[in-house]
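Here the structure comes first, spelled out in structure tokens, and everything after it is commentary.
The values are calculated or read from the model by the stated rules, or taken from the named source; none is laboratory data. Everything numeric in this text was worked out from a predicted model, so none of it was measured. Note that we place each Cβ from the backbone using ideal geometry, even for glycine, and neighbour counts take in every protein chain shown.
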């Protein structure tokens, strides 16, 4: 009876050990299942979808592609900016060229107009002078009333008091008070207005037939170059004498030229 109890006790002990081992295996199996589930959960996105793993080479390739796209985008933006700048510069340059060309055309047009006006004036003056003829028999009217201070001379026999020397004289000097009116000795065209240290301000007129008359030491001129004057028309007034005639006093310098050569005005004055 005692042996039977011992056998029963031994059988219970073996059954307990077997149950322990079975329980331990079950716990380990559950742990494995839970670990696998946790690992799978970490590989899903926020929406619960499973995210597939990508090889390292694929990730590196995508990174390189992303960098290239970024570089290309920057290059395209820079190229567009440069092209826009170039286009603007080209437009500005074209506008400047167009403006400069227009200005050049205007300048040339003005120059041509001035040339034409000058040519027409000269032509009109020449035509006017050519159509005039000086009547030598009628002669010249005295431009001022006064005595002849110094006569015409082609030799060195005229004494200039201010200069204290004898010299030739290509004109005559007619004594006249300062401010005396000076009139045109004959009808003609004013061809020149000039100034000289010796004879002061001068007016030259073309009276036709290759004759020109010059009136010197004038002031307060009433005519200008290109004017047509009539015989007896006021030209200006007698000015104060220049320093070369300070001793002689105020006077009118009166010169006549035929074909560019000075002649004695007294031979033509009436």
Of those in segment 155-184 that are part of a strand (DSSP E or B) and in contact (Cβ under 8 Å) with a residue 60 or more places away in the chain, the residue nearest to the chain's Cα centre (by Cα) is 182
In segment 135-153, residues that are farther than 25 Å from residue 246 by Cβ and not in a loop (DSSP other than H, G, I, E, B) total 1
Going through segment 247-270 in order, the residues found to be under 50 Å from the mean Cα position of the chain (by Cα) and within 22 Å of residue 133 (Cβ to Cβ) are 254, 255, 256, 257, 258, 259, 260, 261, 262
(Q) So, residue 238, is that one touching a residue at least 60 places away in the same chain (Cβ under 8 Å), within 24 Å of residue 134 (Cα to Cα), more than 43 Å from the chain's Cα centre (by Cα) and crowded, with 22+ Cβ neighbours inside 10 Å or not? (A) no
The number of residues in segment 185-197 that are more than 43 Å from the chain's Cα centre (by Cα) and surrounded by fewer than 17 Cβ atoms within 10 Å (Cβ to Cβ) is 1
Practice task
State yes or no: is residue 257 touching a strand residue (DSSP E or B) at 6+ places or on another chain (Cβ under 8 Å) and closer than 14 Å to residue 193 by Cα?
Solution key: no
Given the conditions (1) farther than 16 Å from residue 146 by Cα; (2) more than 43 Å from the chain's Cα centre (by Cα); (3) without any contact (Cβ under 8 Å) to a residue 60 or more places away in the chain; (4) crowded, with 16+ Cβ neighbours inside 10 Å, every one holds for residue 230 apart from (4)
Residue 80 meets each of (1) at pLDDT below 65; (2) within 26 Å of residue 226 (Cβ to Cβ) with one exception, condition (2)
Scanning segment 241-270 residue by residue, those without any contact (Cβ under 8 Å) to a residue 60 or more places away in the chain, farther than 16 Å from residue 142 by Cα and exposed (fewer than 15 other Cβ atoms within 10 Å of the Cβ) turn out to be 258, 259, 260, 261
